[in-house]
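Here the structure comes first, spelled out in structure tokens, and everything after it is commentary.
All of the numbers you see were taken from the coordinates with simple rules; none came from a lab. All values reported here derive from a predicted model rather than from experimental measurement. FYI the Cβ positions are ideal-geometry reconstructions off the backbone, even for glycines, and counts take in every protein chain you see.
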Amino acid sequence: MESFWDWFRWLHGATGINLTIFYDPFDRGRFANGFLTTLKLAAVCIVLSVLIGVVGAWLQGSRLRITRHIVYWYIQFFRNTPPLVQLYFFYFGIGSLLKGADVSGIPVPLISNVAWAIVSLSFFAGAFNVEIFRSGVEAVPTTTIEAAESLGFSRVRTYLFIVLPLAFRICLPALNNNLVNLVKTTTLAYAIAVPEMLYVSSQIWSDELNVPVMMNVLLICYFALVGSLVYVMHRWERAIRVPGFGV
Amino acid sequence: MLNRFFSIVASSLLLGMVGAPAASADVLDDIKKKGVLVVGSKADYRPFGFLDSSGKIVGFEADLAADVAKRLGVKLQLVPVVASNRIQFLQQGKIDLMIATTSDTPERRKIVDFVDPNYYASGLNVMAQKSARLKSWEQLRGKKVCLIQGAFYNKELQEKYGVDGVAFPGTAETYAALKNGNCIAFAYDDTAIVGEMLKPEWRAYEMPLDSILVVPWGVAVKQGEKAFAGFMSKTIADWHKTGFIQQLEKKWEIKPTKFAQEMRNKHK
């Protein structure tokens with residue numbers, strides 16, 4: 001293994017391509033951690049934002065006006081503001097209000113930067129997901145819903161077992177788009193010092209001054225990451241296809 | 001491989017623009033022709049470079065830059081830079097000269113030309129609440145410490161001193177994070193901490209440790225600009241000789257440093 005890493009040292013000497021993330025143990029460690037953090041951040045945010053989307057689309061169809069209004073304003077707020085501003089708002093704005101104190105009286109934040117990144121990015125992508133799921137829900141024929149009602153399905157059960165599965169198949173392409181965007185938006189978390197891939201890369205290129213090399217590494221990593229997500233989603237899309245339904 | 005591919009693409013693009021007037025090799029001539037000297041300077045580093053109430057960059061280094069412009073007989077334009085972009089700005093020619101609290105390190109000397117002699121020096125210290133009772137750097141091992149993205153000591157602090165670094169893009173975010181308690185201390189240049197602590201809001205804070213990693217600051221020009229570097233070298237030697245650096249220390253209420261005194265004696 002050591003000779004494999006050392007090959008990159010040789011590569012640096014021979015060609016000037018300085019991949020410290022392979023031959024320098026410290027850089028290797030932090031880049032690997034950054035990659036894992038990005039992976040975790042993306043995975044958690046995808047799950048949460050899809051949940052927000054499903055629940056939000058359900059609440060949008062609520063009979064209570066107040067519920068519909070809350071969902072409406074939630075979407076307006078998170079869709080009409082830049083995600084970086086939201087991150088700053090949560091971390092510096094709300095974060096400064098939510099403070100505890102340790103034994104010696106030094107303020108300690110109750111919510112960590114990673115948690116804020118998860119909250120902020122999930123809400124951001126979730127706002128789009130609500131609208132995406134709504135487009136799917138509205139595309140389900142009313143006759144299908146009436147049929148479910150006549151069979152004695154309650155509103156919740158109609159949504160969960162009839163509308164949602166059909167809506168899901170219709171809106172998957174749009175959902176894919178938004179989730180791809182979400183994975184790319186995780187890079188913004190670097191602004192509040194979440195040690196994800198862009199953050200560690202910028203640390204590495206500041207220390208090692210190998211800016212172009214690290215930028216290319218980043219490009220390739222995100223290409224691979226988003227590529228795998230798209231691949232999985234496409235496989236899934238094909239697997240759950242109902243012949244004769246939709247396009 | 002990919003890197004080389006990109007450089008080939010980039011150079012072929014450049015070759016396509018042969019018709020355009022080629023940039024002359026000597027930036028000193030260009031500055032005189034343009035009548036403007038573009039200097040990269042900090043805008044968030046009180047008292048070396050910060051914004052006054054009208055939004056203009058002022059401070060110790062802004063005064064140095066003004067002196068260079070005066071000597072060249074041209075107008076001065078200050079461009080705000082941060083640690084993570086200043087060297088790239090210089091390489092790309094966005095700025096002619098970098099006077100931006102830049103520590104002079106061997107790694108950086110490989111990609112831009114630092115001018116001898118150095119004009120100032122700073123060490124690394126931390127800013128922390130008095131109630132944290134910091135006495136030694138060892139106490140910071142495993143603790144969250146705020147850092148600035150792109151600072152040269154980040155790696156050493158994390159590797160050698162084992163701090164858990166939390167790095168932000170600029171000082172404003174970092175100070176906010178320190179206040180929020182996102183980190184127990186903020187590791188930064190002692191010169192900047194002294195300047196910042198003049199503000200009453202930091203009354204409960206202190207700079208408790210002995211400065212480490214004292215490094216001289218260098219003015220830098222783009223690689224290969226020999227004539228401009230030569231001019232700057234003479235200018236800086238003159239600053240030390242005439243006591244200009246110490247005058248500025250006084251003007252900006254910086255505690256007189258040993259470095260400035262030593263340089264003055266050396267160049268007398």
Volume per residue of the C-alpha convex hull in the stretch B:151-265, rounded to whole Å³: 147 Å³
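As a check on your grasp of the helix formula, calculate [θ] at 222 nm for chain B: sum -39500 (n - 2.57) over DSSP H runs of n ≥ 4, divide by the residue count, round to the nearest 500.
One gets -11000 deg cm²/dmol as the mean residue ellipticity at 222 nm.
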Projected area averaged over orientations for chain B, convex hull of C-alpha atoms, nm²: 16.5 nm²
Compactness of the stretch A:95-244, expressed as Rg and Dmax over alpha-carbon positions, Å: 21.8, 69
Rounded FRET efficiency, nearest 0.05, which uses the C-beta distance separating B:Ser131 from B:Lys226 and R0 of 60 Å: 0.65
Theoretical gain in end-to-end length, A:Phe161 to A:Met215 [0.36 nm per residue, Cα-Cα removed]: 14.9 nm
4 °C / 1.567 mPa s Stokes-Einstein diffusion coefficient of the stretch B:40-83, Kirkwood radius on C-alpha pairs, µm²/s: 125 µm²/s
Calculated P(r) of the stretch B:123-214 - Cα pairs past 24 Å, %: 7 percent
Candidate aspartates and glutamates - alpha carbon under 18 Å from B:Lys34, same-chain residues fewer than 8 apart omitted: B:Asp26, B:Asp67, B:Asp96, B:Glu225
Helical contribution to [θ] at 222 nm, DSSP H n ≥ 4, -39,500 (n - 2.57), averaged over chain A, rounded to 500: -23500 deg cm²/dmol
Net charge of neighbours whose Cβ lies under 11 Å from the Cβ of B:Leu124, counting Lys and Arg as +1 and Asp and Glu as -1: -4
Under 18 Å, Cα to Cα: Lys pairs in the stretch B:123-214, sequence gap 8 or more or different chains: 14
Cysteines without a disulfide-compatible neighbour (Cβ-Cβ under 4.7 Å), the protein assembly as shown: A:Cys45, A:Cys171, A:Cys221
Estimated inter-spin distance, B:Lys160 and A:Ser96, nm [label 7 Å along Cα→Cβ]: 3.4 nm
Whole-angstrom Cα spans of the protein assembly as shown along principal axes, big to small: 100, 63, 53
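Could you state the orientation-averaged shadow area of the convex hull built on the Cα atoms of the stretch B:58-108, in nm² to one decimal?
Approximately 4.0 nm², given one-decimal rounding.
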Distant-in-sequence amide H partners of B:Ala167 (H built 1.01 Å from N, under 5 Å): B:Leu147
Rounded to the nearest 20 debye, dipole of the stretch B:123-214 from Cβ charges on Lys, Arg, Asp, Glu: 320 debye
Cβ neighbours within 10 Å from other chains - mean over B:165-173: 4
Anchor B:Lys33: lysines whose Cα lies under 16 Å away (excluding residues fewer than 8 positions away in-chain): B:Lys70, B:Lys75
Projected label distance in nm at B:Lys33 and B:Asp67, using a 7 Å step from Cα toward the beta-carbon: 3.0 nm
Using alpha-carbon coordinates, inclination of helix A:25-60 to the longest axis of chain A, degrees: 10 degrees
